[in-house]
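Undergrad: A single structure is presented below for examination.
The values are calculated or read from the model by the stated rules, or taken from the named source; none is laboratory data. Values in this document were obtained by computation on a predicted structure and should not be read as measured data. With ideal geometry, Cβ positions are generated from the backbone for all residues, glycine too; neighbour counts draw on all protein chains shown.
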Amino acid sequence: MSRADELQGFLSGVPIVETLGMRCEIKGDDMTAVLPFQDKLIGNFTIKALHGGAIGTFLEMTAMAQLFLEADVERPPRTINITVDYLRQGRAEDLFARATVIKMGRRMASVRAEAWQAERNKPVAALLGHFLLRREDPA
Amino acid sequence: MTDAINDPQKRIELMRENINMMTAAVPWARETGFQVTKIEPGHIWGVQPYKEHLIGDPEAGVIHGGVITTLLDNLCGMSCTTAMQEFRFVATLDLRIDYMRPAEPKQDILAEAECYHLTRSVAFCRAWAYHETRDKVIATAQGAFAINKARPKGSMPS
């Protein structure tokens, strides 16, 4: 089973992924996450904007998925901390995200993720996160 | 309504009277199911009940960190609203969340947010998520919120 299949298998069993309605399109070690628009993702009805928490959850999940794809770990990474910058209002449209592992250490990794809508170079939000890699204890 | 909303004390009373509406009117908050429990000037309390559809780690049965992001982001935003003199909408500029320990499965998560400094254009907040008491902290948050400009008279929904 390829790493991509393992990731898809893992994601399909995570309730929050289904609650958000997100999916991951994977080609080798390259992944784009997609969050199709749904009314339940809205945070402010008067301006029809996506909820910052929904965007944050999507970005954190994207960062974890990319890390899982690249790291040699059995279990999903655990979040140490995240910082989310909200750059533009998330409109009532599909949201996309990609993540890059900036530093892969033995025990920890740093990951950047960015989300956008109509235009790739107009990001809606950006995340920087540090994650704990839960490797099998060396004998 | 506009007069009441621009008086800090009356605004807080209005928020207390509509405490359930504060999350019921927000679709993503309705989806995660958190509630506001207490409102004071510049300080808000809430609870996130344990719900299976929010699990992020099926093996451990623990709620996903993003749910805590949603809870703390929203409470921080509301704490700004209770700290301001005149009512303004706020938008999250950034939010940092540190995870101290994983949440326990099947346990409610309590949270509080405090708006500790206001300038004309930015509000600074911190927040905590914990089980039972503040010494069992799950996560802490620190955020900056942009304060929107006043809208022209008559454009506020009444």
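Undergrad: Among the residues of segment A:22-52, count how many are within 12 Å of chain B (Cβ to nearest Cβ) and basic (Lys, Arg).
TA: Summing the residues that are within 12 Å of chain B (Cβ to nearest Cβ) and basic (Lys, Arg) in segment A:22-52 gives 2.
Undergrad: I need every pair where a residue in segment A:3-21 that is more than 8 Å from chain B (Cβ to nearest Cβ) has its Cβ under 7 Å from the Cβ of a residue that is surrounded by fewer than 15 Cβ atoms within 10 Å (Cβ to Cβ), sequence separation at least 6 or different chains.
TA: Cβ pairs passing all conditions: A:Gly21/A:Pro36.
Undergrad: Continuing with this model, one more query. Kindly indicate the residue of segment B:73-97 that is of a type in the set (D, E, K, R) and at the interface with chain A (Cβ under 7 Å from one of its Cβ atoms) and also nearest to the chain's Cα centre (by Cα) among those meeting that condition.
TA: Here is the first cut: in segment B:73-97, the ones of a type in the set (D, E, K, R) are B:73, B:86, B:88, B:94, B:96.
In the following step, the residues that additionally are at the interface with chain A (Cβ under 7 Å from one of its Cβ atoms) were identified as B:73, B:94, B:96.
Values: B:Asp73: 5, B:Asp94: 14, B:Arg96: 14 Å.
Restricting to residues being of a type in the set (D, E, K, R) and at the interface with chain A (Cβ under 7 Å from one of its Cβ atoms), the top hit is B:Asp73.
Undergrad: Identify the residue in segment B:133-158 that is among the polar types (S, T, N, Q) and modelled with pLDDT under 90 and, among all such residues, is nearest to the chain's Cα centre (by Cα).
TA: If we take residues in segment B:133-158 being among the polar types (S, T, N, Q) and modelled with pLDDT under 90, then B:Ser158 is nearest to the chain's Cα centre (by Cα).
Undergrad: OK, next. How many residues are under 14 Å from B:Tyr130 (Cα atoms) and small (Gly, Ala, Ser) when one looks only at segment B:58-111?
TA: 3
Undergrad: For A:Gln66, which of the numbered conditions (1) surrounded by 21 or more Cβ atoms within 10 Å (Cβ to Cβ); (2) within 19 Å of B:Asp57 (Cα to Cα); (3) without any contact (Cβ under 8 Å) to a residue 40 or more places away in the chain fails to hold?
TA: Here A:Gln66 meets the rest and fails (3).
Undergrad: Let me ask you something else. Within segment B:86-105, can one find any residue that is within 21 Å of B:Phe124 (Cα to Cα), small (Gly, Ala, Ser) and surrounded by 19 or more Cβ atoms within 10 Å (Cβ to Cβ)?
TA: no
Undergrad: Follow-up. Just for segment B:28-57: of the residues that are assigned to a loop (DSSP other than H, G, I, E, B) and in contact with a helix residue (DSSP H, G or I) (Cβ under 7 Å, 6 or more places away or on another chain), which one is surrounded by the fewest Cβ atoms within 10 Å (Cβ to Cβ)?
TA: Quick first cut of segment B:28-57, residues assigned to a loop (DSSP other than H, G, I, E, B) only: B:33-34, B:41-42, B:49-51.
So of that shortlist, the ones also in contact with a helix residue (DSSP H, G or I) (Cβ under 7 Å, 6 or more places away or on another chain) come out as B:34, B:41-42.
Details: B:Phe34: 26, B:Pro41: 13, B:Gly42: 21.
The residue in question is B:Pro41.
Undergrad: Based on this model, can you work out whether B:Ile5 counts as over 17 Å from the mean Cα position of the chain (by Cα) and surrounded by fewer than 21 Cβ atoms within 10 Å (Cβ to Cβ)?
TA: yes
Undergrad: Is there a residue in segment A:115-133 that is modelled with pLDDT of 95 or more, surrounded by fewer than 20 Cβ atoms within 10 Å (Cβ to Cβ), in contact with a Leu (Cβ under 6 Å, 6 or more places away or on another chain) and not in a loop (DSSP other than H, G, I, E, B)?
TA: no
Undergrad: Would you pick out the residues in segment A:71-106 that are modelled with pLDDT under 95, more than 9 Å from chain B (Cβ to nearest Cβ) and touching a strand residue (DSSP E or B) at 6+ places or on another chain (Cβ under 7 Å)?
TA: Passing the criteria: A:Ala71, A:Pro77.
Undergrad: Residue under question is B:Tyr130, and the condition is that it be closer than 19 Å to A:Thr83 by Cβ, among the hydroxyl-bearing types (Ser, Thr, Tyr) and at pLDDT 95 or above; does it hold?
TA: no
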